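S.K.: This structure is in structure tokens; I'll ask about it shortly.
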Amino acid sequence: MTAVSLSTSTAAALRADAVVVAVAKGPKGLVLAPGSEAVDEAFDGKLAEVLATVGATGADGEAVKVPAPATLKAPLVLAVGLGDVAEGGYAAEVLRKAAGVAARTLHGSKKAAFALPATEAEAVEAVALGAQLGAYTFTACRSDAANADAKTPLAEAVLVGGKRGDKAAKAAVERATVLAEEMNRARDLVNQPPNDLFPKSFADIATVAAKEHGLKIEVLDEKALTKGGFGGILGVGGGSERGPRLVKIAYTHPKAKASLAFVGKGITYDSGGISLKPAGHNETMKCDMAGAGAVFAAVVAASRLGLQVNVTGWLALAENMPSGSATRPGDVLRMYGGKTVEVLNTDAEGRLVLADAIVRAGEEKPDAIVDVATLTGAMVMALGSRTFGVIANDDEFRSTVHTLAEEAGEPAWPMPMPAHLRSGMDSTVADIANMGERMGGGLVAGLFLKEFVADGITWAHLDIAGPAFNEAAPFGYTPKGGTATAVRTLVALAEHAADGKL
Ligand code: BES
Ligand code: MN
Ligand code: ZN
């Protein structure tokens, strides 16, 4: 990963492959953002003019390169756009995105000086995080020869123009690095092809990480799941040659202010099962474990940040495959805790593995449960590919989660649970069916999950089916493929709880 450091030297004096400055759209055209002064001086005060000449406008997402004059130690100047000029300072997300665009554009370079408007700790953290996320690439599956030929991600980002001994800035870089490393861990898990990442191999990865970070871990295999009566996870995993797992990974703090349970949908591949998905709908279904990946990464992050909170992650891992041993549409599953579910569509499998894990998580009486899942195509229809839906059994908690998500740079939107949709899941043979009305499918799924939340426990559900996997072109600090969405929301919630605000 890109190493981020702080320097008191100016952008002009640092030996690097490129200097990054920021530009914005002013009322009368392109303006330079603060931080670019030393670079502008090297251009005799004409940097804005030079950039405008080659077409720069300051628009969000823009990246324009110009050769540097001899008075700069770096041969290249890269100007990234911030969008509309902001007199009162730029929002953290604007800086994260700009730093991400810069790191992505400088792929193949070794070292860059970042001369962005980042003097306060919050802005320093944003630039450090954006750069480390933007530089991300997934190389594990290319041959060594291909990787040797390929350009490598930006190795070093030096944030120049800092104050000497700025402890707050140093702490900001450290926090950003933990977040970036854990988000990139979650991205790696999502990008890992499903022939390599399956329930057992995921559990093994979690076990290694738990050991490294001093976390408690328990892995229930098929035998233990059978003994425990986890009918949902077993029913979904039954069609696969590679059996399901339920992983409990726990971080505890001796002075914890609250306890949280995070539950992740971990379908390592969703073929749809006997209700097989048609071609065109299954090519990206390795991403169906993104919820479990986010939960896992967030628990490790909470521990590395030493937050005063207990966080238990529950990873409900299964591969949804059709076979002679697969669950049939029409089967009735006996879930953990005793409720029965008629499976009308084996492609509505996420709610089945989550139900077991939510009941199990509730037994430990946490202050709140948050589940994270690539649950429904309907939520993608409703909110598009960059925003996740937030459903909860408590309006205030839903607002809290929504606000924390937006502040962390993760677009989210509150969604309702209209009570009338519940009867669509009435079953003629079981307590409930796993399918209801087609319209409002994301809300129906929320109503299904709510049935498995114990009375008196605050619960929220994040449907990340849209933003979990970026099939479009990279933007800001978001690459193609796994995005690590929800990691920062969960970490922010853990911080919120650690501050005694839950
Ligand atoms: N994993 C899918 C949801 C999904 C869709 C994730 C698009 C990412 C992108 C989920 O298991 C699923 O198949 N849901 C069905 C539910 C339906 C059968 C009630 C859906 O949304 O069509
Ligand atoms: Mn499915
Ligand atoms: Zn699924």
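The values are calculated or read from the model by the stated rules, or taken from the named source; none is laboratory data. Computed from a predicted model, the values in this text were never measured in an experiment. Cβ coordinates were reconstructed from backbone atoms using ideal geometry, including for glycine residues, and neighbour counts include every protein chain displayed. In case anyone asks, the SASA skips ligands and DNA or RNA and just uses the protein heavy atoms, side chains included. Shrake-Rupley method; radii C 1.70, N 1.55, O 1.52, S 1.80 Å.
S.K.: Can you tell me which residue is nearest to the chain's Cα centre (by Cα) among those in region 147-195 that are within 28 Å of residue 291 (Cα to Cα) and without any contact (Cβ under 8 Å) to a residue 12 or more places away in the chain?
M.R.: 174
S.K.: Same structure, new question: So in region 173-206, with the set limited to residues that are of a type in the set (Asp, Glu) and more than 18 Å from residue 266 (Cβ to Cβ), which one is most open to solvent (accessible area, probe 1.4 Å)?
M.R.: 174
S.K.: If a residue counts only when it is under 21 Å from residue 398 (Cβ atoms), more than 13 Å from ligand 2 (Cβ to nearest atom) and assigned by TED's automatic domain parsing to the domain that holds residue 233, which strands (runs of 3 or more DSSP E) contained entirely in region 274-382 have at least 2 such residues?
M.R.: Result: 310-320, 368-373.
S.K.: Sticking with this one: Which members of region 251-273 meet the condition of being away from ligand 1 (no atom under 16 Å from the Cβ) and assigned to a strand (DSSP E or B)?
M.R.: 251, 259, 260, 261, 262
S.K.: Looking at region 493-500, is at least one residue part of a helix (DSSP H, G or I), of a type outside the set (A, V, I, L, M) and in contact with a helix residue (DSSP H, G or I) (Cβ under 7 Å, 6 or more places away or on another chain)?
M.R.: Yes.
S.K.: Right, something else. Name every residue in region 1-18 that is over 16 Å from residue 155 (Cβ atoms) and either part of a loop (DSSP other than H, G, I, E, B) or open to solvent by less than 20 Å² (accessible area, probe 1.4 Å) (or both), in order of residue number.
M.R.: Residues satisfying the conditions are 8, 9, 10, 11, 12, 13.
Quick grid of which residues meet (1) under 23 Å from residue 361 (Cα atoms); (2) modelled with pLDDT under 95; (3) assigned to a loop (DSSP other than H, G, I, E, B):
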residue: 385; (1), (2), (3): no, no, yes
residue: 398; (1), (2), (3): yes, no, no
residue: 401; (1), (2), (3): yes, no, no
residue: 417; (1), (2), (3): yes, no, yes
residue: 449; (1), (2), (3): yes, no, no
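S.K.: Residue 423 passes all but one of (1) under 22 Å from residue 350 (Cβ atoms); (2) free of Cβ contacts under 8 Å to residues at least 24 places away in the same chain; (3) assigned to a loop (DSSP other than H, G, I, E, B); (4) not hydrophobic (A, V, I, L, M, F, W, C); which number fails?
M.R.: (3)
S.K.: Could you tell me whether region 152-173 includes any residue that is among the charged types (D, E, K, R) and touching a Gly at 6+ places or on another chain (Cβ under 7 Å)?
M.R.: no
S.K.: Here is a further query. Away from ligand 3 (no atom under 16 Å from the Cβ), at pLDDT 95 or above and open to solvent by less than 10 Å² (accessible area, probe 1.4 Å): does that describe residue 494?
M.R.: Yes: the conditions hold for residue 494.
S.K.: Against the condition touching a residue at least 12 places away in the same chain (Cβ under 8 Å), outside any loop (DSSP other than H, G, I, E, B) and not aliphatic (A, V, I, L, M), how does residue 436 come out, does it pass?
M.R.: no
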